[in-house]
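Colleague: Mind having a look at this structure? Questions to follow.
The values are calculated or read from the model by the stated rules, or taken from the named source; none is laboratory data. Remember, it's a predicted structure, so these values are computed and weren't measured experimentally. Note: ideal-geometry Cβ built from the backbone for every residue, glycine included; neighbour counts use all protein chains shown.
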Amino acid sequence: MYSGVGKSSLLLQFVNNRFQPDDHVSTIGVEFGVKTIKIYNIPIKLRIWDTAGQEKYKSLKRFYYRCASAALLVYDITRWETFKHVASWLEDVRELGNENMTIMLIGNKCDISAYKREVSTEEGEQFDKENGLAFLETSCKTAHNVREAFITTASTVLTKIREGNLDATNEKKPSNPSSLTNRR
């Protein structure tokens, strides 16, 4: 697992409409954010868990995967090694999470110059198609597609709930569940 891909910045931009420059310290354990949005004129409260990217926190993730209705798998488009590990993250989420979980792949930092890009949009789209995921490229700095990533994911979750394909109450959940989870 990799840190520094912008998971915490994604959460901060979505919840607080704010970008914090490079002085951000890596997440230790878990960060949490809440935001209420409207989908089809229905207020939806998103509880978003931002889990640490370092390998030493991997055991903590099992709890969050199990309790999530959705996961955002985030990689840094300027660092190939972060994209290379997406398959492993996806395997963990599918193995440990809800079988009907909505999963979105996010290529972050798309505001950075093209010459620094190590992962093409087409590579992200190909992985998305091969694995049945949703896919967007985002920029936490400019807010490009940040809101769209969360709205699209939440809309898909809501559709699954309405169709009876996802139990929002999830009997297995602890007393403080998450509705959407931002994964590393």
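Colleague: Could you tell me whether ALA134 is at negative phi and at pLDDT 95 or above? Lay out the reasoning, then the answer.
Modeller: Numbers: at negative phi: yes; at pLDDT 95 or above: yes.
Here the answer is yes, as ALA134 does meet what is asked.
Colleague: For segment 11-44, give me each residue that is in a strand (DSSP E or B) and either modelled with pLDDT under 90 or exposed (fewer than 11 other Cβ atoms within 10 Å of the Cβ) (or both). Lay out the reasoning, then the answer.
Modeller: First pass over segment 11-44, keeping only residues in a strand (DSSP E or B): 30-39, 42-44.
Answer for segment 11-44, where residues must be in a strand (DSSP E or B) and either modelled with pLDDT under 90 or exposed (fewer than 11 other Cβ atoms within 10 Å of the Cβ) (or both): VAL30, GLU31, PHE32, GLY33, VAL34, THR36, LYS38, ILE42, PRO43.
Colleague: Next question, about the same structure. For residues in segment 66-121 being at pLDDT below 95 and polar (S, T, N, Q), which is surrounded by the most Cβ atoms within 10 Å (Cβ to Cβ)?
Modeller: Going through the qualifying residues, I end up with SER69.
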